[in-house]
Amino acid sequence: MIVVMRPSATQQEVDGVKRSIEEHGLEAFLSVGEERTVIGVVGDVERISHLGTLPGVDQVIRVSSPYKLASIQEPGERTRVRIGPVEIGLGSELVIMAGPCAVESREQLLETARCVSREGARILRGGAWKPRTSPYSFQGMGLPALKLLAEARGETGLPIISEVVDPADVEVFDDHVDILQVGARNMQNFALLRAVGQSRRAVLLKRGLSATIEEWLLAAEYVLAAGNPNVILCERGIRTFETATRNTLDLSAVPVLRQKTHLPIVIDPSHGTGARALVGPMALAGAAVGADGLLIEVHPDPANARSDGDQSLSFDEFGALMDELRRLQFVRAPADAPPLPDERNLAASGIDDLRDRIDEADARLADLVQERAALALEVQRRRDPHVHGHDVRRERDLLERAANGTSGPMTPVELTVVFDAVLRASRSVQRRHAQSALNDEDAAAGTGR
Ligand code: PEP
Ligand code: MN
(Lines give C-alpha, C1' and ligand atoms only; values in the text may rest on other atoms or scores of the structure.)
(Ligands and ions follow the chains in the order given, each with its own letter.)
Protein backbone atom coordinates (compact mmCIF):
# COMPACT_ATOMS: atom_id res chain seq x y z
CA MET A 1 0.00 0.00 0.00
CA ILE A 2 1.17 3.52 -0.75
CA VAL A 3 0.06 6.53 1.28
CA VAL A 4 0.45 9.83 -0.56
CA MET A 5 0.57 12.88 1.78
CA ARG A 6 -0.79 16.28 0.75
CA PRO A 7 1.80 18.89 -0.37
CA SER A 8 0.67 20.94 2.64
CA ALA A 9 1.09 18.08 5.14
CA THR A 10 3.14 19.04 8.21
CA GLN A 11 5.95 16.96 9.70
CA GLN A 12 3.63 16.24 12.62
CA GLU A 13 1.00 14.77 10.27
CA VAL A 14 3.59 12.62 8.49
CA ASP A 15 4.79 11.35 11.92
CA GLY A 16 1.18 10.63 12.91
CA VAL A 17 0.62 8.40 9.86
CA LYS A 18 3.95 6.58 10.41
CA ARG A 19 3.08 6.00 14.07
CA SER A 20 -0.35 4.65 13.21
CA ILE A 21 1.18 2.18 10.73
CA GLU A 22 3.76 0.97 13.25
CA GLU A 23 1.20 0.69 16.05
CA HIS A 24 -0.56 -1.89 13.87
CA GLY A 25 2.63 -3.94 13.62
CA LEU A 26 3.47 -2.92 10.05
CA GLU A 27 6.53 -1.28 8.55
CA ALA A 28 6.50 2.21 7.04
CA PHE A 29 9.01 3.36 4.40
CA LEU A 30 9.22 7.10 3.94
CA SER A 31 10.16 8.75 0.69
CA VAL A 32 10.48 12.51 1.07
CA GLY A 33 10.09 14.35 -2.23
CA GLU A 34 10.42 18.02 -3.09
CA GLU A 35 6.69 18.53 -3.08
CA ARG A 36 5.24 15.71 -1.01
CA THR A 37 6.02 12.73 1.14
CA VAL A 38 5.02 9.23 0.10
CA ILE A 39 4.85 6.35 2.61
CA GLY A 40 5.09 2.71 1.52
CA VAL A 41 3.52 0.05 3.75
CA VAL A 42 4.29 -3.66 3.73
CA GLY A 43 2.17 -6.31 5.49
CA ASP A 44 -1.49 -6.99 6.15
CA VAL A 45 -2.97 -3.68 5.09
CA GLU A 46 -6.55 -4.71 5.95
CA ARG A 47 -5.73 -3.59 9.51
CA ILE A 48 -4.99 0.01 8.46
CA SER A 49 -7.92 0.74 6.19
CA HIS A 50 -8.49 3.91 8.27
CA LEU A 51 -5.31 5.64 7.01
CA GLY A 52 -7.19 7.66 4.40
CA THR A 53 -9.00 9.52 7.18
CA LEU A 54 -5.86 10.73 8.99
CA PRO A 55 -4.93 14.43 8.76
CA GLY A 56 -2.57 15.33 5.92
CA VAL A 57 -3.31 12.21 3.83
CA ASP A 58 -4.20 12.87 0.17
CA GLN A 59 -4.78 9.34 -1.12
CA VAL A 60 -4.18 5.71 -0.28
CA ILE A 61 -3.33 3.38 -3.17
CA ARG A 62 -3.67 -0.39 -2.89
CA VAL A 63 -0.98 -2.29 -4.68
CA SER A 64 -2.01 -5.90 -4.01
CA SER A 65 -5.56 -7.15 -4.65
CA PRO A 66 -8.00 -7.17 -1.75
CA TYR A 67 -9.11 -10.70 -2.58
CA LYS A 68 -6.13 -12.77 -1.58
CA LEU A 69 -7.52 -16.26 -2.19
CA ALA A 70 -9.47 -15.52 -5.37
CA SER A 71 -6.65 -13.63 -7.07
CA ILE A 72 -4.03 -15.13 -9.33
CA GLN A 73 -0.45 -15.19 -8.14
CA GLU A 74 1.03 -15.78 -11.59
CA PRO A 75 -0.32 -14.85 -15.03
CA GLY A 76 -2.43 -17.62 -16.50
CA GLU A 77 -2.97 -19.44 -13.19
CA ARG A 78 -6.25 -21.46 -13.27
CA THR A 79 -7.96 -23.94 -11.00
CA ARG A 80 -10.24 -26.80 -11.81
CA VAL A 81 -13.28 -27.71 -9.74
CA ARG A 82 -14.30 -31.33 -9.66
CA ILE A 83 -17.96 -32.30 -9.28
CA GLY A 84 -18.20 -36.07 -9.24
CA PRO A 85 -17.18 -37.20 -12.72
CA VAL A 86 -17.24 -33.66 -14.12
CA GLU A 87 -14.33 -31.23 -14.13
CA ILE A 88 -14.69 -27.53 -14.84
CA GLY A 89 -11.93 -24.97 -15.43
CA LEU A 90 -8.26 -25.19 -16.36
CA GLY A 91 -8.75 -26.12 -19.97
CA SER A 92 -11.31 -28.86 -19.36
CA GLU A 93 -14.09 -29.34 -21.89
CA LEU A 94 -16.88 -26.72 -21.95
CA VAL A 95 -19.36 -27.92 -19.33
CA ILE A 96 -23.04 -27.48 -20.18
CA MET A 97 -25.36 -27.14 -17.18
CA ALA A 98 -28.99 -27.28 -18.27
CA GLY A 99 -32.48 -27.84 -16.94
CA PRO A 100 -35.61 -25.99 -15.92
CA CYS A 101 -35.56 -22.66 -14.12
CA ALA A 102 -37.77 -24.24 -11.45
CA VAL A 103 -38.64 -27.84 -10.70
CA GLU A 104 -42.41 -28.00 -11.26
CA SER A 105 -43.25 -31.69 -11.23
CA ARG A 106 -41.65 -35.12 -11.38
CA GLU A 107 -42.58 -35.58 -15.00
CA GLN A 108 -41.37 -32.13 -16.05
CA LEU A 109 -38.01 -32.63 -14.35
CA LEU A 110 -37.37 -36.21 -15.46
CA GLU A 111 -38.31 -35.49 -19.06
CA THR A 112 -35.99 -32.49 -19.07
CA ALA A 113 -33.21 -34.40 -17.35
CA ARG A 114 -33.40 -37.16 -19.96
CA CYS A 115 -33.40 -34.63 -22.78
CA VAL A 116 -30.43 -32.59 -21.58
CA SER A 117 -28.49 -35.72 -20.71
CA ARG A 118 -29.15 -37.22 -24.12
CA GLU A 119 -28.05 -34.00 -25.81
CA GLY A 120 -24.75 -33.89 -23.94
CA ALA A 121 -25.25 -31.66 -20.87
CA ARG A 122 -22.98 -32.66 -17.98
CA ILE A 123 -24.86 -31.03 -15.07
CA LEU A 124 -28.62 -30.83 -14.42
CA ARG A 125 -30.04 -27.57 -13.07
CA GLY A 126 -33.38 -27.04 -11.34
CA GLY A 127 -34.58 -24.41 -8.85
CA ALA A 128 -36.21 -25.68 -5.67
CA TRP A 129 -36.48 -22.35 -3.87
CA LYS A 130 -37.01 -19.48 -6.29
CA PRO A 131 -36.09 -15.92 -5.29
CA ARG A 132 -38.88 -14.18 -7.25
CA THR A 133 -39.26 -10.44 -7.61
CA SER A 134 -42.94 -10.68 -6.67
CA PRO A 135 -44.11 -12.52 -3.55
CA TYR A 136 -47.13 -13.69 -5.57
CA SER A 137 -45.03 -15.54 -8.18
CA PHE A 138 -44.32 -19.27 -7.91
CA GLN A 139 -41.77 -19.63 -5.13
CA GLY A 140 -40.62 -23.16 -5.92
CA MET A 141 -41.53 -26.58 -4.55
CA GLY A 142 -38.88 -26.55 -1.83
CA LEU A 143 -37.58 -29.80 -0.37
CA PRO A 144 -39.65 -32.15 -2.60
CA ALA A 145 -37.85 -30.56 -5.58
CA LEU A 146 -34.46 -31.47 -4.10
CA LYS A 147 -35.63 -35.05 -3.77
CA LEU A 148 -36.81 -35.07 -7.39
CA LEU A 149 -33.45 -33.65 -8.48
CA ALA A 150 -31.68 -36.44 -6.61
CA GLU A 151 -33.96 -38.95 -8.35
CA ALA A 152 -33.11 -37.41 -11.74
CA ARG A 153 -29.42 -37.67 -10.88
CA GLY A 154 -29.95 -41.33 -10.01
CA GLU A 155 -31.49 -41.97 -13.39
CA THR A 156 -29.22 -39.91 -15.63
CA GLY A 157 -25.99 -39.87 -13.64
CA LEU A 158 -25.81 -36.07 -14.04
CA PRO A 159 -24.65 -34.14 -10.95
CA ILE A 160 -27.19 -31.49 -9.93
CA ILE A 161 -27.12 -27.77 -9.19
CA SER A 162 -29.79 -25.85 -7.29
CA GLU A 163 -30.04 -22.44 -5.65
CA VAL A 164 -29.83 -22.10 -1.87
CA VAL A 165 -31.43 -18.94 -0.46
CA ASP A 166 -31.21 -19.46 3.29
CA PRO A 167 -28.08 -20.20 5.36
CA ALA A 168 -30.20 -22.57 7.45
CA ASP A 169 -30.76 -24.77 4.36
CA VAL A 170 -27.09 -25.37 3.56
CA GLU A 171 -26.99 -28.64 5.46
CA VAL A 172 -29.96 -30.10 3.61
CA PHE A 173 -28.51 -28.93 0.29
CA ASP A 174 -25.25 -30.62 1.23
CA ASP A 175 -27.16 -33.88 1.49
CA HIS A 176 -29.01 -33.55 -1.81
CA VAL A 177 -27.16 -31.49 -4.42
CA ASP A 178 -23.68 -31.40 -5.93
CA ILE A 179 -23.36 -27.67 -6.57
CA LEU A 180 -24.91 -24.98 -4.38
CA GLN A 181 -25.93 -21.97 -6.43
CA VAL A 182 -25.87 -18.53 -4.81
CA GLY A 183 -28.17 -16.34 -6.88
CA ALA A 184 -27.59 -12.82 -8.15
CA ARG A 185 -29.87 -11.35 -5.51
CA ASN A 186 -27.85 -13.00 -2.75
CA MET A 187 -24.35 -12.25 -3.99
CA GLN A 188 -23.78 -9.98 -1.01
CA ASN A 189 -25.76 -12.00 1.52
CA PHE A 190 -22.71 -12.42 3.68
CA ALA A 191 -24.31 -14.85 6.13
CA LEU A 192 -25.19 -17.11 3.19
CA LEU A 193 -21.69 -16.77 1.71
CA ARG A 194 -20.11 -17.82 5.02
CA ALA A 195 -22.55 -20.72 5.30
CA VAL A 196 -21.83 -22.10 1.83
CA GLY A 197 -18.16 -21.57 2.62
CA GLN A 198 -18.57 -24.31 5.18
CA SER A 199 -20.23 -26.69 2.77
CA ARG A 200 -18.35 -29.63 1.35
CA ARG A 201 -20.04 -29.04 -2.01
CA ALA A 202 -18.94 -26.78 -4.86
CA VAL A 203 -20.50 -23.32 -4.99
CA LEU A 204 -21.60 -21.44 -8.12
CA LEU A 205 -21.65 -17.74 -7.29
CA LYS A 206 -23.68 -15.57 -9.62
CA ARG A 207 -22.77 -11.95 -10.21
CA GLY A 208 -25.09 -9.49 -8.46
CA LEU A 209 -27.41 -7.40 -10.62
CA SER A 210 -25.36 -4.27 -9.99
CA ALA A 211 -22.11 -5.71 -8.72
CA THR A 212 -18.71 -4.66 -9.98
CA ILE A 213 -16.21 -7.39 -10.73
CA GLU A 214 -14.27 -6.42 -7.60
CA GLU A 215 -17.37 -6.75 -5.41
CA TRP A 216 -18.10 -10.12 -7.03
CA LEU A 217 -14.58 -11.38 -6.36
CA LEU A 218 -14.77 -10.16 -2.77
CA ALA A 219 -18.01 -12.13 -2.40
CA ALA A 220 -16.14 -15.18 -3.72
CA GLU A 221 -13.42 -14.40 -1.19
CA TYR A 222 -15.99 -14.82 1.63
CA VAL A 223 -16.67 -18.39 0.48
CA LEU A 224 -12.98 -19.20 -0.03
CA ALA A 225 -11.98 -17.65 3.29
CA ALA A 226 -14.62 -19.72 5.07
CA GLY A 227 -12.79 -22.83 3.88
CA ASN A 228 -14.46 -23.88 0.62
CA PRO A 229 -11.98 -23.79 -2.29
CA ASN A 230 -14.50 -25.02 -4.90
CA VAL A 231 -15.98 -21.77 -6.16
CA ILE A 232 -17.26 -21.21 -9.72
CA LEU A 233 -18.21 -17.72 -10.90
CA CYS A 234 -21.26 -17.16 -13.10
CA GLU A 235 -21.88 -14.05 -15.21
CA ARG A 236 -25.66 -13.70 -15.69
CA GLY A 237 -26.04 -10.14 -16.91
CA ILE A 238 -26.13 -6.83 -15.09
CA ARG A 239 -28.51 -3.87 -14.91
CA THR A 240 -27.81 -1.12 -17.40
CA PHE A 241 -29.94 1.55 -19.08
CA GLU A 242 -30.71 -0.92 -21.89
CA THR A 243 -34.20 -2.37 -21.84
CA ALA A 244 -34.17 -4.43 -25.05
CA THR A 245 -32.78 -7.36 -23.07
CA ARG A 246 -33.69 -8.45 -19.53
CA ASN A 247 -30.08 -7.83 -18.46
CA THR A 248 -26.89 -6.84 -20.25
CA LEU A 249 -24.72 -9.92 -20.50
CA ASP A 250 -21.20 -8.72 -19.75
CA LEU A 251 -19.09 -11.08 -21.82
CA SER A 252 -16.01 -8.97 -21.28
CA ALA A 253 -16.19 -10.20 -17.69
CA VAL A 254 -14.61 -13.44 -18.91
CA PRO A 255 -11.28 -12.02 -20.14
CA VAL A 256 -11.29 -9.45 -17.31
CA LEU A 257 -11.71 -12.21 -14.73
CA ARG A 258 -9.01 -14.28 -16.40
CA GLN A 259 -6.54 -11.53 -15.55
CA LYS A 260 -7.64 -11.40 -11.95
CA THR A 261 -8.74 -14.81 -10.76
CA HIS A 262 -7.96 -18.50 -11.15
CA LEU A 263 -11.59 -19.54 -10.53
CA PRO A 264 -13.67 -21.23 -13.30
CA ILE A 265 -16.15 -18.99 -15.10
CA VAL A 266 -19.63 -19.87 -16.36
CA ILE A 267 -21.91 -17.80 -18.61
CA ASP A 268 -25.70 -17.84 -18.14
CA PRO A 269 -27.19 -16.61 -21.44
CA SER A 270 -30.75 -17.35 -20.25
CA HIS A 271 -30.92 -14.76 -17.45
CA GLY A 272 -28.37 -12.70 -19.35
CA THR A 273 -30.83 -11.99 -22.18
CA GLY A 274 -34.29 -13.01 -20.96
CA ALA A 275 -35.34 -14.01 -24.49
CA ARG A 276 -35.29 -17.49 -26.03
CA ALA A 277 -34.15 -16.26 -29.46
CA LEU A 278 -31.06 -14.63 -27.92
CA VAL A 279 -29.94 -17.55 -25.76
CA GLY A 280 -28.27 -19.56 -28.56
CA PRO A 281 -26.22 -16.70 -30.03
CA MET A 282 -25.03 -15.55 -26.60
CA ALA A 283 -24.26 -19.12 -25.54
CA LEU A 284 -22.03 -19.46 -28.61
CA ALA A 285 -20.45 -16.10 -27.84
CA GLY A 286 -19.83 -17.17 -24.23
CA ALA A 287 -18.13 -20.32 -25.43
CA ALA A 288 -16.09 -18.34 -27.96
CA VAL A 289 -14.87 -15.86 -25.36
CA GLY A 290 -13.49 -18.73 -23.32
CA ALA A 291 -16.02 -19.48 -20.59
CA ASP A 292 -15.51 -22.81 -18.81
CA GLY A 293 -19.22 -23.60 -18.78
CA LEU A 294 -22.72 -22.48 -19.77
CA LEU A 295 -25.86 -22.49 -17.63
CA ILE A 296 -28.98 -22.81 -19.78
CA GLU A 297 -32.69 -23.02 -18.95
CA VAL A 298 -34.61 -25.77 -20.76
CA HIS A 299 -38.29 -26.66 -20.39
CA PRO A 300 -40.56 -29.29 -22.02
CA ASP A 301 -43.22 -26.65 -22.62
CA PRO A 302 -41.70 -23.16 -22.29
CA ALA A 303 -45.02 -21.41 -23.03
CA ASN A 304 -46.50 -22.92 -19.88
CA ALA A 305 -43.46 -22.78 -17.59
CA ARG A 306 -44.15 -21.52 -14.08
CA SER A 307 -41.03 -19.38 -14.18
CA ASP A 308 -38.81 -17.86 -16.87
CA GLY A 309 -40.63 -19.51 -19.79
CA ASP A 310 -39.69 -16.61 -22.11
CA GLN A 311 -36.01 -17.44 -21.81
CA SER A 312 -36.28 -21.24 -21.63
CA LEU A 313 -35.33 -23.35 -24.63
CA SER A 314 -37.56 -26.17 -25.83
CA PHE A 315 -35.97 -29.61 -26.16
CA ASP A 316 -35.55 -29.14 -29.91
CA GLU A 317 -33.99 -25.73 -29.48
CA PHE A 318 -31.59 -27.05 -26.86
CA GLY A 319 -30.68 -29.98 -29.11
CA ALA A 320 -30.00 -27.61 -32.01
CA LEU A 321 -27.80 -25.43 -29.80
CA MET A 322 -25.82 -28.46 -28.61
CA ASP A 323 -25.34 -29.51 -32.24
CA GLU A 324 -24.04 -26.06 -33.04
CA LEU A 325 -21.68 -26.09 -30.03
CA ARG A 326 -20.42 -29.48 -31.19
CA ARG A 327 -20.08 -28.33 -34.78
CA LEU A 328 -17.91 -25.45 -33.61
CA GLN A 329 -16.09 -27.97 -31.42
CA PHE A 330 -16.87 -26.28 -28.14
CA VAL A 331 -18.26 -29.57 -26.87
CA ARG A 332 -17.00 -32.96 -27.80
CA ALA A 333 -18.79 -34.95 -30.49
CA PRO A 334 -19.89 -38.39 -29.30
CA ALA A 335 -16.70 -40.43 -29.35
CA ASP A 336 -18.40 -43.41 -30.95
CA ALA A 337 -19.68 -41.75 -34.14
CA PRO A 338 -19.47 -44.41 -36.86
CA PRO A 339 -17.89 -43.64 -40.21
CA LEU A 340 -20.42 -42.76 -42.89
CA PRO A 341 -21.31 -45.89 -44.90
CA ASP A 342 -19.89 -46.58 -48.29
CA GLU A 343 -21.77 -44.24 -50.61
CA ARG A 344 -21.14 -46.26 -53.78
CA ASN A 345 -23.71 -48.88 -52.79
CA LEU A 346 -26.50 -46.38 -53.25
CA ALA A 347 -24.94 -44.06 -55.78
CA ALA A 348 -25.91 -46.19 -58.77
CA SER A 349 -29.63 -45.45 -58.22
CA GLY A 350 -31.31 -42.30 -59.47
CA ILE A 351 -32.92 -39.86 -57.02
CA ASP A 352 -36.46 -41.04 -57.83
CA ASP A 353 -35.47 -44.60 -57.14
CA LEU A 354 -33.87 -43.56 -53.83
CA ARG A 355 -37.06 -41.69 -52.87
CA ASP A 356 -39.19 -44.72 -53.66
CA ARG A 357 -36.99 -46.78 -51.39
CA ILE A 358 -37.32 -44.20 -48.62
CA ASP A 359 -41.13 -44.47 -48.95
CA GLU A 360 -40.88 -48.23 -48.64
CA ALA A 361 -38.60 -47.95 -45.62
CA ASP A 362 -41.09 -45.55 -43.96
CA ALA A 363 -43.96 -47.96 -44.57
CA ARG A 364 -41.96 -50.82 -43.06
CA LEU A 365 -40.97 -48.58 -40.16
CA ALA A 366 -44.63 -47.68 -39.48
CA ASP A 367 -45.57 -51.36 -39.50
CA LEU A 368 -42.73 -52.21 -37.15
CA VAL A 369 -43.60 -49.42 -34.75
CA GLN A 370 -47.24 -50.57 -34.71
CA GLU A 371 -46.13 -54.14 -34.11
CA ARG A 372 -43.97 -53.00 -31.22
CA ALA A 373 -46.88 -51.00 -29.73
CA ALA A 374 -49.19 -54.02 -30.07
CA LEU A 375 -46.70 -56.13 -28.11
CA ALA A 376 -46.36 -53.45 -25.44
CA LEU A 377 -50.15 -53.26 -25.24
CA GLU A 378 -50.37 -56.98 -24.72
CA VAL A 379 -47.91 -56.69 -21.82
CA GLN A 380 -50.12 -53.98 -20.31
CA ARG A 381 -53.26 -56.12 -20.77
CA ARG A 382 -51.66 -58.91 -18.78
CA ARG A 383 -50.59 -56.67 -15.98
CA ASP A 384 -52.58 -55.10 -13.16
CA PRO A 385 -53.99 -51.74 -14.44
CA HIS A 386 -53.07 -50.21 -11.07
CA VAL A 387 -49.40 -50.74 -11.88
CA HIS A 388 -48.34 -47.48 -13.44
CA GLY A 389 -45.07 -46.37 -14.86
CA HIS A 390 -42.47 -48.31 -16.68
CA ASP A 391 -39.17 -49.89 -15.93
CA VAL A 392 -36.62 -47.17 -16.64
CA ARG A 393 -33.63 -49.46 -16.27
CA ARG A 394 -35.09 -51.98 -18.73
CA GLU A 395 -35.81 -49.21 -21.19
CA ARG A 396 -32.30 -47.90 -20.94
CA ASP A 397 -30.83 -51.38 -21.49
CA LEU A 398 -33.14 -51.84 -24.41
CA LEU A 399 -32.04 -48.57 -25.99
CA GLU A 400 -28.42 -49.44 -25.49
CA ARG A 401 -28.87 -52.84 -27.07
CA ALA A 402 -30.76 -51.40 -30.02
CA ALA A 403 -28.18 -48.64 -30.50
CA ASN A 404 -25.24 -51.04 -30.38
CA GLY A 405 -26.80 -53.83 -32.38
CA THR A 406 -27.07 -51.89 -35.60
CA SER A 407 -24.79 -50.04 -37.96
CA GLY A 408 -25.47 -47.13 -40.26
CA PRO A 409 -24.96 -43.40 -40.49
CA MET A 410 -26.89 -42.63 -37.26
CA THR A 411 -24.89 -42.22 -34.07
CA PRO A 412 -26.14 -44.03 -30.97
CA VAL A 413 -27.30 -40.63 -29.67
CA GLU A 414 -29.37 -39.96 -32.79
CA LEU A 415 -30.78 -43.46 -32.68
CA THR A 416 -31.66 -43.01 -29.04
CA VAL A 417 -33.68 -39.91 -29.90
CA VAL A 418 -35.74 -41.98 -32.36
CA PHE A 419 -36.27 -44.78 -29.88
CA ASP A 420 -37.17 -42.37 -27.16
CA ALA A 421 -40.04 -41.08 -29.30
CA VAL A 422 -41.17 -44.65 -30.06
CA LEU A 423 -41.10 -45.53 -26.36
CA ARG A 424 -43.06 -42.41 -25.44
CA ALA A 425 -45.78 -43.19 -27.95
CA SER A 426 -45.91 -46.81 -26.90
CA ARG A 427 -46.22 -45.81 -23.23
CA SER A 428 -49.07 -43.51 -24.16
CA VAL A 429 -50.92 -46.49 -25.71
CA GLN A 430 -50.34 -48.49 -22.51
CA ARG A 431 -51.60 -45.63 -20.35
CA ARG A 432 -54.75 -45.30 -22.44
CA HIS A 433 -55.43 -48.99 -22.02
CA ALA A 434 -54.78 -48.91 -18.26
CA GLN A 435 -57.11 -45.95 -17.87
CA SER A 436 -59.96 -47.61 -19.73
CA ALA A 437 -59.49 -50.80 -17.66
CA LEU A 438 -59.70 -48.72 -14.50
CA ASN A 439 -62.86 -46.98 -15.78
CA ASP A 440 -64.40 -50.39 -16.46
CA GLU A 441 -63.50 -51.48 -12.95
CA ASP A 442 -65.12 -48.37 -11.46
CA ALA A 443 -68.23 -48.87 -13.56
CA ALA A 444 -68.45 -52.51 -12.41
CA ALA A 445 -68.13 -51.41 -8.77
CA GLY A 446 -70.96 -48.93 -9.33
CA THR A 447 -68.74 -45.94 -8.76
CA GLY A 448 -68.21 -45.03 -12.38
CA ARG A 449 -67.98 -41.33 -13.11
C1 PEP B 1 -31.70 -18.90 -11.62
O2 PEP B 1 -30.62 -19.35 -12.05
O3 PEP B 1 -32.75 -19.53 -11.67
C4 PEP B 1 -31.74 -17.54 -11.06
C5 PEP B 1 -32.71 -17.16 -10.24
O6 PEP B 1 -30.75 -16.78 -11.51
P7 PEP B 1 -30.26 -15.32 -11.03
O8 PEP B 1 -29.88 -15.44 -9.60
O9 PEP B 1 -29.10 -15.09 -11.95
O10 PEP B 1 -31.38 -14.35 -11.28
MN1 MN C 1 -34.64 -18.60 -14.03
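The values are calculated or read from the model by the stated rules, or taken from the named source; none is laboratory data. Quick caveat: nothing in here was measured; it's all calculated off a predicted structure. When we count neighbours, we look across all protein chains shown, and the Cβ atoms used for this are built from the backbone with ideal geometry, even at glycine. Surface areas here come from the heavy atoms of the whole protein model, side chains and all, with no ligands, DNA or RNA. Shrake-Rupley method; radii C 1.70, N 1.55, O 1.52, S 1.80 Å.
Most simply put, region 133-260 has about 10% antiparallel DSSP beta bridges, counting only bridges with both residues inside it.
For the chain, the longest principal axis of the C-alpha atoms and the axis of helix 11-23 are separated by about 50°.
Highest mean first, the peptides 162-172, 9-19, 351-361 sorted by other C-beta atoms within 10 Å per residue fall in the order 162-172, 9-19, 351-361.
The rule of thumb for compact globular proteins, 2.2 N^0.38 Å, goes into the C-alpha radius of gyration of region 1-114 1.89 times.
Calculated on C-alpha atoms, the gyration radius of the chain divided by its Kirkwood radius gives an Rg/Rh of 1.13.
Computed over region 94-154, the Cα gyration tensor eigenvalues convert (square root of 5λ each) into semi-axes of 21, 13, 9 Å, ordered from largest to smallest. For the chain, the mean residue ellipticity at 222 nm estimated from helices alone is -13500 deg cm²/dmol, where every DSSP H run of n ≥ 4 contributes -39500 (n - 2.57) and the total is divided by all residues, rounded to the nearest 500. Beta bridges per DSSP, both residues in the chain: antiparallel share near 40 percent. Where in the chain lies the longest segment free of chymotrypsin sites (Phe, Trp or Tyr not before Pro) that are both loop residues by DSSP (not H, G, I, E, B) and have at most 12 other Cβ atoms within 10 Å? It works out to 242-449. Summing +1 for each Lys or Arg and -1 for each Asp or Glu among the other residues whose beta-carbon sits under 14 angstrom from that of Ala437 gives 0. Among the trypsin sites (Lys or Arg not before Pro) in region 31-119, those placed in a DSSP loop whose Cβ has at most 12 other Cβ atoms within 10 Å are Arg62.
Debye sum, Cα scatterers, region 162-261, no solvent: what log₁₀ I/I(0) at q = 0.15, 0.17, 0.22 1/Å? Reported log10 I(q)/I(0), two decimals: -0.57, -0.71, -1.08. Measuring nothing but protein heavy atoms, the accessible surface of region 90-212 at 1.4 Å probe radius is 49 percent carbon and sulfur.
In region 144-209, the C-alpha radius of gyration followed by the widest Cα-Cα span (Dmax) gives 11.8, 35 angstrom. Report, to the nearest whole %, how much of the accessible area of region 17-76 belongs to carbon and sulfur atoms, 1.4 Å probe, protein only. Carbon with sulfur: 51 percent of the solvent-accessible area. Accessible area per residue for region 87-177, computed on protein heavy atoms with a 1.4 Å probe, is 36 Å². Among the GluC sites (Glu not before Pro) in region 214-290, those located in a DSSP loop and surrounded by at most 10 other Cβ atoms within 10 Å of their own Cβ are Glu242.
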